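Novice: Once you've had a glance at the structure underneath, I'll fire off some questions.
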């Protein structure tokens, strides 16, 4: 795959270290919220989710380092031209995301407000969760401009990406997040967690609206791309 080379402000190894520290801190916070909410450590579904989350993130970051170190640098760097709407949407997204973990611990791990869930439903939730993570990874592999910040990457000569999942929807990474968060509570036997999960998904929906408008206004060729791929998130719907 032809990827444009640019001067990197930090080395890929420094970017890897930054991302590893961030993931480790997030993982530990998830564990703290999950088991603090549960009030106990002997919770099998909690440990399964905790281990799976850490493993998925570790595999993702190592694959990113191997496959596209320049994108790793982009994702590990804060940029001045990040869009203003990020200042509200991203903190709210993380608030709802971590809130989901705490509510899941309180419900599925301690008070059992949701009661027992059918094993089949938990399995289906895991399938959707893993599919969402796979879709996000596919989007990152296909898109060398898959930044963690909403901005126009003029410094990296950003271009419209039309292959991979971008053949079907314009924002597959956001679709992945929208799929993942509402089912996270079901992995932990918590219907109540669906509420903050849906709110986290809503933040990604709103971010999609703003980012798509930004790309239409600022990225050369994006308006033509919207005529080829008409749907932002949901094929055949929107």
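Novice: Among 112-125, 94-107, how do they line up by average Cβ neighbours within 10 Å per residue, starting with the highest?
Specialist: Numbers: 112-125: 12.6, 94-107: 21.2.
Packing order, densest peptide first, comes out as 94-107, 112-125.
Novice: Let me ask something else. Using a Förster distance of 41 Å, how high is the FRET efficiency between residue 157 and residue 127, based on the Cβ-Cβ distance and rounded to 0.05?
Specialist: Numbers: r = 38 Å, r/R0 = 0.93.
About 0.60, to the nearest 0.05.
Novice: Helix 86-104 versus the longest principal axis of the chain: what is the Cα-based angle in degrees, 0 to 90, to the nearest 10?
Specialist: 20 degrees
Novice: While we're on this one: Please tell me the relative contact order of the range 12-228 in percent, rounded to the nearest whole number, where contacts are Cα pairs under 8 Å and at least six residues apart.
Specialist: That works out to 26 percent.
Novice: For the residue pair residue 216 and residue 42, what label-to-label distance in nm results when each label sits 7 Å from Cα along the Cα-to-beta-carbon direction?
Specialist: 5.7 nm
Novice: Once you keep just the Cα pairs under 8 angstrom separated by 6 or more residues, what percentage relative contact order results for the range 141-217? Show your work: numbers first, answer last.
Specialist: Numbers: 50 pairs, mean separation 18.5, N = 77.
After rounding, I find 24 percent.
Novice: Now, a different point. I need the shape label for the range 101-144. Rule: rounded when a/c is under 1.5, else prolate if a/b > b/c, else oblate, with a, b, c from the alpha carbon gyration tensor.
Specialist: Working: a/c = 7.04, a/b = 2.21, b/c = 3.19.
It comes out oblate by the Cα gyration axes.
Novice: Modelling each spin label as a point 7 Å along the Cα-to-Cβ direction, I'd like the residue 226/residue 80 distance in nm, to one decimal.
Specialist: Computed distance between label sites residue 226 and residue 80 equals 2.9 nm.
Novice: Is the range 69-113 rounded, prolate or oblate when judged by the Cα gyration tensor, a ≥ b ≥ c being the square roots of its eigenvalues, rounded requiring a/c under 1.5 and prolate requiring a/b larger than b/c?
Specialist: On the way: a/c = 6.78, a/b = 2.25, b/c = 3.02.
Oblate is the answer for the range 69-113, as a/c is 1.5 or above yet b/c matches or exceeds a/b.
Novice: Expected output is a single nm value to one decimal: the length gained when fully extending between residue 59 and residue 20, i.e. 0.36 nm times separation in residues minus the C-alpha distance. What is it?
Specialist: Value of the extension gain: 12.9 nm.
Novice: With just the Cα atoms defining each centre, how far is the range 108-154 from the range 50-75? Give it in Å.
Specialist: 15 Å
Novice: Next up: Rg to Rh ratio, the chain, alpha-carbon atoms and Kirkwood radius? Mind dumping the intermediate values first?
Specialist: Details: Rg = 18.5 Å, Rh = 18.9 Å.
With Rg and the Kirkwood Rh in hand, the quotient comes to 0.98.
Novice: Want the number for residue 10 to residue 112: 0.36 nm per residue separation, take away the alpha-carbon distance, what's left? Provide the component values of the computation, followed by the final result.
Specialist: Values: separation 102, 0.36 × 102 = 36.72 nm, distance 4.73 nm.
Additional length available on full extension: 32.0 nm.
No value in this document is a laboratory result; all are computed from the given coordinates. Because the structure is predicted, anything quoted here is derived from the model rather than measured. Reconstructed Cβ throughout: ideal geometry from the backbone, glycine too, with neighbour counts over all protein chains shown.
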